[in-house]
Amino acid sequence: MELIAWAHELAKSLLAEPLPRRWAHSCGVQERARSLAPVLGDDATLLEAAAVLHDIGYSPRLVDTGFHPLDGARFLRNVEHADERIVSLVAHHSCALLEAEERGLRQALEEEFSLEQPQLVDALLYCDMNTTPDGEPTNPTDRVAEIVGRYGPDSVVGRFIRRAESEIQAASARVNGRLAAAGLRHPM
């Protein structure tokens, strides 16, 4: 629980005041992560910490490249000296390699940060894509449509999220399958 408290307070200090909607989203993603604890075992705390931290790279204090997964992960690694697994999850959250490619940053992301275990990558993607910008539950189809609508279909984010949509749906299906295999229902 110490790890979760640290992560929550750090994310709050970076997002709550300058970006209250982003903070609400991060809290919602954390809530989704908590709901997956029964299928994550020993990694539940790790995922919950990464979930609340996943968007800290949007903080005006941290923006460097303008690519929030990379900026957030670098801060966690270089300043906070955070757990390497949390740093990797933040760096690679929600198909970040595809967006990095759109931005010409794929090589930097791949060279600096290793991928975490696939089931945790899926779980964080699931949590992010099942949470609205206001922190409320949603589904991946509506979330992708909302992102495209907000950024525009021809923007870097719009292009990337449409390329990532099949993997977003597949990851969500894998997580829902793990929940079903454990006799649990989709928490949304």
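No other residue among VAL39, VAL79, VAL63 is over 23 Å from LEU105 (Cα atoms) and either β-branched (Val, Ile, Thr) or touching a Cys at 6+ places or on another chain (Cβ under 9 Å) (or both) apart from VAL39. Scanning the range 4-23 for residues that are open to solvent by 60 Å² or more (accessible area, probe 1.4 Å), touching a residue at least 40 places away in the same chain (Cβ under 8 Å), over 18 Å from GLU146 (Cα atoms) and part of a helix (DSSP H, G or I) returns a single hit, TRP6. Right, GLY57: assigned to a helix (DSSP H, G or I), open to solvent by less than 70 Å² (accessible area, probe 1.4 Å), without any contact (Cβ under 8 Å) to a residue 40 or more places away in the chain and out of contact with any Lys or Arg (no Cβ under 9 Å at 6 or more places or on another chain) or not? No, not satisfied. From the list SER88, SER26, the lone residue that is among the hydroxyl-bearing types (Ser, Thr, Tyr), buried (at least 24 other Cβ atoms within 10 Å of the Cβ) and outside any loop (DSSP other than H, G, I, E, B) is SER26. Against the conditions (1) in contact with a Leu (Cβ under 7 Å, 6 or more places away or on another chain); (2) basic (Lys, Arg); (3) more than 20 Å from ILE56 (Cα to Cα), ARG106 satisfies every one except (3). Look through the range 144-160, keep the residues that are open to solvent by less than 50 Å² (accessible area, probe 1.4 Å) and touching a residue at least 24 places away in the same chain (Cβ under 8 Å), and return whichever of them is farthest from the chain's Cα centre (by Cα). The selected residue is VAL156.
Looking across ASP43, ASP64, one residue alone is at pLDDT 95 or above, outside any loop (DSSP other than H, G, I, E, B), of a type in the set (Asp, Glu) and open to solvent by 10 Å² or more (accessible area, probe 1.4 Å). It is ASP43. One residue stands out in the range 91-129 among those that are touching a Phe, Trp or Tyr at 6+ places or on another chain (Cβ under 9 Å) and closer than 26 Å to ARG178 by Cβ: the one that is surrounded by the fewest Cβ atoms within 10 Å (Cβ to Cβ), namely LEU98.
Within the range 130-143, work out how many residues are small (Gly, Ala, Ser) and loosely packed, with under 14 Cβ neighbours inside 10 Å.
Residues that pass the stated criteria total 0.
The values are calculated or read from the model by the stated rules, or taken from the named source; none is laboratory data. Everything numeric in this text was worked out from a predicted model, so none of it was measured. Neighbour counts run over all protein chains shown; Cβ positions are idealised from the backbone, glycine included. Ligands, DNA and RNA are stripped out before the accessible areas are found, and what is left, the full protein with its side chains, is counted by its heavy atoms. Shrake-Rupley method; radii C 1.70, N 1.55, O 1.52, S 1.80 Å.
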